[in-house]
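This is the structure, below, for whatever I ask next.
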Amino acid sequence: MSSKFRRNISLTGPLSFSKKGEFKEPLGYAGGSPSVQHALQHTFKEMGVSKGLKGLLKMNQKNGFDCPSCAWPDPEKPKAGVEYCENGAKALADEVTHQSIGADFFQKYSVEELSLLSDFELNKHGRLTEPLILRPNSLHYEPISWEGAYQLIADEFGKMDSPDEAIFYTSGRSSNEAAFLYGMFARALGTNNMPDCSNMCHESSGVALSETLGIGKGSVKLEDFYHAEVVIVAGQNPGTNHPRMLSALEICRKNGGKIISINPLKEAGLVNFKNPQKIKGWLGNGVALADIHLQVNINQDIPLVKLLLKKLLHLDLENQGQIFDHAFIEKYTEGYDKLVADLEKFEEAHLLEQCGVDQQLIDSTVELLSKKTKIIVCWAMGLTQHKNGVENIREFVNLLLLKGAIGKPNAGTCPVRGHSNVQGDRSVGIHHYVNPTLNERIEKHFGFKAPTKVGYDTVETIQAMHEEKTKVFVCLGGNFLMAASDTRYTAEAIQNCELTVQISTKLNRSHLVTGKTALILPTLGRSEKDEQNGKEQFITTENSMGKVRWSKGLFEPTRGSIKSEPKIIAEIANAYFKGLHSVPWSRLGNDYALIREYIDKIAKGFDDTENKSKGSGYYLPNNVRELDFSNLPNGRAQLTINQLPKHDLGANELMLMTVRSHDQFNTTIYGMDDRYRGVYNERRVLFMNESDMKSKGLQKHDAVHLTSQYDGKERKATYFKVIPYDIPKGNLAAYYPETNLLVPHNHFADRSQTPISKSIKVTIEKAVV
Ligand SMILES: Nc1nc2c(c(=O)[nH]1)N[C@H]1C(S)=C(S)[C@@H](COP(=O)(O)OP(=O)(O)OC[C@H]3O[C@@H](n4cnc5c(=O)[nH]c(N)nc54)[C@H](O)[C@@H]3O)O[C@H]1N2
Ligand SMILES: Nc1nc2c(c(=O)[nH]1)N[C@H]1C(S)=C(S)[C@@H](COP(=O)(O)OP(=O)(O)OC[C@H]3O[C@@H](n4cnc5c(=O)[nH]c(N)nc54)[C@H](O)[C@@H]3O)O[C@H]1N2
Ligand code: SF4
Ligand SMILES: [Mo]
């Protein structure tokens, strides 16, 4: 461990391979009866049978709680008891687990010892149950009272030379109410330093969509999928990460729609799908959802879309303008002539070679798209986490605009969000940039002036901490250390803080790599009852399609002394301001209806949330659905010109994408399998094309080390088992967060600053084991 580290903490846990590792053929399908079995097994094991069933029956129901996992929406009329998927069930079980840890556990194990455990084992210890402090020269967390913890935080804030020495990170699981209060507290303190997980996630989508369509969110509703003619799923693995999206795709296909998947991997679920909620889905081989699979090279989506656009353009010229929607282009867009002129510059053969897709499949895709106008494009991290992440999305928007597939039913944009409330957190004010309207409203309704200096996003936070510009780092959920890029650099950065505060449900490595002093403040999960001032509270969330809905937990909170997120934030604010501030922090912490009143007044588009969020909820306004582009240059949607990605791979370098396994939620590892990809009991794997293995002299299951080299700095991630896989030549895949050590902190998407976690240049060397 580098001498820069105060404590001898392992950043990786064990690097050895499991003796039980097994590697089989990838499953041809997602869902099906194993999916139901896995969901139930996992839930019952962690929660017990009766509690498990009770939870699953209430999840995503109108009178229940919102699934804490992904942000996929619920149907207008949820079917009783079956609106969950395997991964939603796992997330629930993980939250409501009957395992828990308190002060005695931390007295027994030092943070150094705990760091030797894997992320899977750390999480397995269960829920955090009481506030804890790690003092400067200690290796053990010890108990502290809530009041003591609040006072310590207030004192550290008090010692800062400027409010910008404080940083407030948010992960996307927090409710609108908690996030709103947290954002207001940061501003009341005087800083916009509000990095959030979105910076590492869909920030590229937000930037691209704002620039082209005037809103950083998607435009489709769930029902739009049902009658879309074509759904393009690009850079997304819904079978694992948004499982119920497959049901929407299934309905679309049943109604005659076609699905095109664009992905270097043939992800299960797109290739074949069995609907686990239907008995007939348990039998047989399921359905292949993707009609066309375009096996693109990593980060070569722009050449692929350009090729499609170029061919469509030629068809349009040959067919008297019948292929593009010229009336739409004329009326609503700007930049058509420039785009057409630019397309002419590219050679089809070159584009074809770059994207690596079969010519015949390109032709079938062009033929399909030429005839259709109701087109939806969905995407996730496969498009956003590249240097040209923003451009990737703008290029797909070009396709939609040219086809007039925007602002009408069954067509549009669908960035599929990650965390269950990442979109809501943004809507209620978690962002590092300055929103003048928001600031005006804060002044009007809360009576204080919000800061006007742009704050740090995630990559700037790491940089600032590394340069010792910051003192207090507060995290509302998440696992910043393991989620961020460049694990070693990020760890060095975090250790420079005077105080780090984690408001968390479960133990993770961010509790072990800390500032000089560290606090853990245990908090309630979404599925738990939240009572304040003798009254049961509910919270609200916004799903991936902009709908705000209420959510109410049903389980008795984990034993011990845990508090809700809004309550903790309100109490920190009180300890700092000592009652001398215009915001009624205590009242807000005691009454979430009052928080909602302020959200309605201050955050854009929220309206009578108290009432309208009940039942199936309400949609926030969306200008694209109204074909209103008045906030864009000349009041028009923007067609854009995007460059081809440049990589300059060195002679021995291959391109690595870091992906999720089926048994994880981000840095939370539920289990060691990736069933759909045929991997069991092992996470240290490297998926590789067989011809690359041959040329590197590697055999199946050989151990290798990975090295990335950027700006003369070498980064290493050691011990991965090579798995021959159906992945394009020159491309590699391995799991996040094990590979985050390789991602350079200073390489990110232009303008959105999202780390390049899906296109890392690496070399491979054989390891001796
Ligand atoms: N069960 C479960 N659900 C989750 C999560 C989880 O960890 N577990 N995480 C949540 C979060 S926060 C998010 S953001 C989402 C993430 O959802 P996804 O984005 O689906 O997650 P990833 O595993 O990162 O998968 C990226 C996909 O993009 C493909 N890909 C990679 N590079 C490229 C490329 O250059 N071009 C194209 N066309 N494809 C590419 C990969 O092969 C992979 O299929 O899921 C959310 N839901
Ligand atoms: N290499 C690579 N890096 C990536 C990605 C990638 O694809 N590749 N993906 C990026 C993406 S898309 C994202 S979103 C980030 C994720 O980054 P984060 O959001 O920071 O990470 P999570 O793993 O979701 O956070 C898990 C922790 O949140 C806490 N938690 C869970 N539920 C709650 C709750 O209800 N309240 C509170 N207060 N705490 C809770 C638990 O302690 C748990 O350990 O990672 C990013 N990093
Ligand atoms: S699709 Fe996402 S939100 Fe829906 S049940 Fe599954 S994990 Fe939960
Ligand atoms: Mo995400």
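The values are calculated or read from the model by the stated rules, or taken from the named source; none is laboratory data. These numbers come from a predicted model, not from an experiment. Cβ placement follows ideal geometry from the backbone for every residue including glycine, while neighbour counts extend to all protein chains displayed. Side chains included, ligands, DNA and RNA excluded: accessible areas come from the protein's heavy atoms. Shrake-Rupley method; radii C 1.70, N 1.55, O 1.52, S 1.80 Å.
Work through the residues other than residue 602 whose Cβ is under 9 Å from its Cβ and net out their charges, Lys, Arg +1 and Asp, Glu -1.
Taking every Cβ under 9 Å from that of residue 602, the sum is +3.
Carbon and sulfur together cover what percent of the accessible area of region 339-454 at a 1.4 Å probe radius? All intermediate terms of the calculation are to be shown ahead of the outcome.
On the way: 2110 of 4100 Å².
Roughly 51 percent, rounded to a whole number.
Positive end of the dipole of the chain, charges at C-beta (+1 Lys, Arg; -1 Asp, Glu), about the Cα centre: which of 189, 706, 550 has its Cα farthest in that direction?
About the Cα centre, the residue reaching furthest to the positive side is 550.
Obtain the nm distance between the two label points defined at residue 454 and residue 104 by a simple spin-label model: each point lies 7 Å from its Cα along the Cα-to-C-beta direction.
5.2
Another question, then. Is region 591-664 rounded, prolate or oblate when judged by the Cα gyration tensor, a ≥ b ≥ c being the square roots of its eigenvalues, rounded requiring a/c under 1.5 and prolate requiring a/b larger than b/c?
It comes out oblate by the Cα gyration axes.
If R₀ is 25 angstrom, what is the calculated FRET efficiency for the pair residue 147 and residue 594, using the beta carbon separation as r and rounding to 0.05? List each step's numbers first, then the result.
Values: r = 23 Å, r/R0 = 0.93.
Between residue 147 and residue 594 the formula returns 0.60.
Counting C-alpha atoms alone, how compact is region 119-254: give Rg to one decimal and Dmax as a whole number, in angstrom.
Answer for region 119-254, Rg first and Dmax second: 21.5, 63 Å.
So, counting K/R as plus one and D/E as minus one, what does the shell of residues with Cβ under 11 Å around residue 74 add up to?
Result for the neighbourhood of residue 74: +3.
State the dimensionless ratio Rg/Rh of the chain (Rg: radius of gyration of Cα atoms; Rh: Kirkwood radius).
On the way: Rg = 24.9 Å, Rh = 26.4 Å.
Checking Rg against Rh, the ratio lands at 0.94.
Sort out for me the Cα centre separation of region 506-570 from region 332-373, rounded to whole Å.
Their Cα centres are 47 Å away from one another.
Considering only DSSP beta bridges whose two residues both sit in the chain, what percent are antiparallel, to the nearest 5? Don't jump to the answer; show the numbers that get you there.
Values: 41 of 93 bridges.
About 45 percent, rounded to the nearest 5.
What is region 654-766 by shape, rounded, prolate or oblate, if you read a ≥ b ≥ c off the alpha carbon gyration tensor as root eigenvalues and call it rounded for a/c under 1.5, prolate for a/b larger than b/c, and oblate otherwise?
Since a/c reaches 1.5 but b/c is at least a/b, the shape of region 654-766 is classed as oblate.
Along the charge dipole of the chain, Cβ charges K/R +1 and D/E -1, which of 304, 270, 319 sits furthest on the positive end?
Of the options given, the answer is 270.
Same structure again: Taking the simple approach of a point 7 Å from Cα along Cα-to-Cβ for both residue 345 and residue 255, what is their distance in nm?
For the pair residue 345/residue 255, the computed spacing is 4.0 nm.
Computed FRET efficiency, Cβ-Cβ of residue 327 and residue 20, R0 56 Å: what is it to the nearest 0.05? All intermediate terms of the calculation are to be shown ahead of the outcome.
Details: r = 62 Å, r/R0 = 1.10.
E(calc), rounded to 0.05, equals 0.35.
Taking Cβ-Cβ under 4.7 Å as the only way to count a partner, pick out the unpartnered cysteines of the chain.
If one checks each Cβ against the other cysteines of the chain, 67, 70, 85, 197, 201, 252, 355, 475, 497 turn up with nothing under 4.7 Å.
Between region 380-441 and region 56-96, what's the alpha-carbon centroid distance in Å?
The two parts, judged by their Cα centres, are 24 Å apart.
How large is the charge dipole for the chain, taken about the Cα centre, if only the Cβ atoms of Lys, Arg (+1) and Asp, Glu (-1) carry charge, to the nearest 20 debye?
1400
Still on this structure, please answer the following. Whole-Å semi-axes of region 203-415's equivalent ellipsoid, largest first, each the root of 5 times a Cα gyration tensor eigenvalue?
Three semi-axes, in Å: 27, 18, 17.
Still on this structure: On a C-alpha basis, how far is the centre of region 220-236 from the centre of region 141-170 in Å? Whole number, if you could?
45
Got a sec? Charge dipole of region 203-415, +1 on Cβ for Lys and Arg, -1 for Asp and Glu; which of 360, 412, 288 is way out at the positive end?
Result: 288, furthest along the dipole toward the positive end.
Answer rounded, prolate or oblate for region 409-545, using the Cα gyration tensor with square roots of eigenvalues a ≥ b ≥ c: rounded when a/c is under 1.5, else prolate when a/b is larger than b/c, else oblate.
Judged from the Cα gyration tensor, region 409-545 comes out rounded (a/c under 1.5).
Using a simple spin-label model with points 7 Å from Cα along the Cα→Cβ vector, what separation in nm is obtained for residue 699 and residue 469?
In this crude label model, residue 699 to residue 469 measures out at 5.2 nm.
Counting only the backbone N, which residues of region 405-440 are under 14 Å from the spot 7 Å out from the Cα of residue 336 toward its beta-carbon?
405
Please state the charge dipole magnitude for region 475-544, taken about the Cα centre, from unit charges on C-beta atoms (+1 on K and R, -1 on D and E), reported in debye and rounded to the nearest 20.
200
Over 23 Å between Cα atoms: which of 506/716; 506/563; 306/387 fall into that group?
Beyond 23 Å: 506/716.
Using the Cα centre of region 654-766 as the reference point, and only Cβ charges (+1 on K/R, -1 on D/E), how large is the resulting charge dipole? Debye, rounded to the nearest 20.
Rounded to the nearest 20 debye, it is 120 debye.
By how many nm would the segment from residue 443 to residue 155 grow when fully extended, if each residue of separation counts as 0.36 nm and the alpha-carbon distance is taken off?
Between residue 443 and residue 155, full extension yields 101.1 nm more.
Right, another one. In deg cm²/dmol and to the nearest 500, what is the mean residue ellipticity at 222 nm of the chain if only DSSP H runs of at least 4 residues count, each as -39500 (n - 2.57), divided by the residue total?
Only helices count here, giving -9500 deg cm²/dmol.
What's the local net charge at residue 27, with K and R +1, D and E -1, over the other residues with C-beta under 14 Å away?
So the environment of residue 27 carries a net charge of -3.
For a Förster distance of 25 Å, can you work out the FRET efficiency between the beta-carbons of residue 713 and residue 750, rounded to the nearest 0.05?
Here the calculated transfer efficiency is 0.75.
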